[in-house]
Amino acid sequence: MKITNLSKSAIVVLAIAFFSCGGGGNSAEEEVVMATTPKSVQKPATADPKPAEEVVEGTGSVAAAGKVKMENSDCMSCHMMDRKVIGPSFLEIAAEYQNNEANVAKLAGKVINGGAGVWGEAAMAPHPSLSEEDAKDMVSYILSL
């Protein structure tokens, strides 16, 4: 698009304003057009569509949801992805249990009710406020690793 009646410094100022404000949903070219177009003719930027669901490589949406739920929980207080902290690493758990409905249900129960003795003396604290669906999503993510 050809830009007329704007000096280079005006374009730089518009670009800085555009990037410092997060863009507002318009491209830099649209910002320049809007800055030189009367308000009565401008079209407002459309809202961004719903963000795309994060996809965890090699897994379905249930595992992706489980990853997000884990990131928003206290799981990382006792577990890490690749090394033991208080409890086993997520990779150790995934290596120990086959990813199937029976194991997902069994381990979701342990997440909700707590457990001890399988991975050493440290007991896993119960999480009674966690729904069965959320616990299953989290376990599905772990077993997908």
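Hey, among 145, 91, which residue is under 24 Å from the mean Cα position of the chain (by Cα) and at pLDDT 95 or above?
Details: 145 fails: at pLDDT 95 or above.
Selected residue: 91, the only one of 145, 91 that is under 24 Å from the mean Cα position of the chain (by Cα) and at pLDDT 95 or above.
Looking at segment 109-131 only, could you name the residues that are within 17 Å of residue 72 (Cβ to Cβ) and in contact with a helix residue (DSSP H, G or I) (Cβ under 6 Å, 6 or more places away or on another chain)?
Selection gives 111, 112, 127, 130.
Filter segment 63-98 down to the residues that are of a type in the set (D, E, K, R) and not in a strand (DSSP E or B), then identify the one that is most open to solvent (accessible area, probe 1.4 Å).
Restricting to residues being of a type in the set (D, E, K, R) and not in a strand (DSSP E or B), the top hit is 83.
Yes or no, residue by residue, for (1) over 14 Å from residue 88 (Cα atoms); (2) at pLDDT below 95; (3) touching a Cys at 6+ places or on another chain (Cβ under 6 Å); (4) buried (at least 18 other Cβ atoms within 10 Å of the Cβ):
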site	(1), (2), (3), (4)
103	yes, no, no, no
107	no, no, no, yes
112	yes, no, no, yes
120	no, yes, no, no
125	no, yes, no, no
128	yes, no, no, no
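The values are calculated or read from the model by the stated rules, or taken from the named source; none is laboratory data. The shown structure was predicted, so the numbers you read here are calculated from the model rather than taken from an experiment. Virtual Cβ from ideal backbone geometry, glycine too; neighbours counted across all protein chains shown. The protein model used for the area step is the full one, side chains on, heavy atoms only, and it has no ligands, DNA or RNA in it. Shrake-Rupley method; radii C 1.70, N 1.55, O 1.52, S 1.80 Å.
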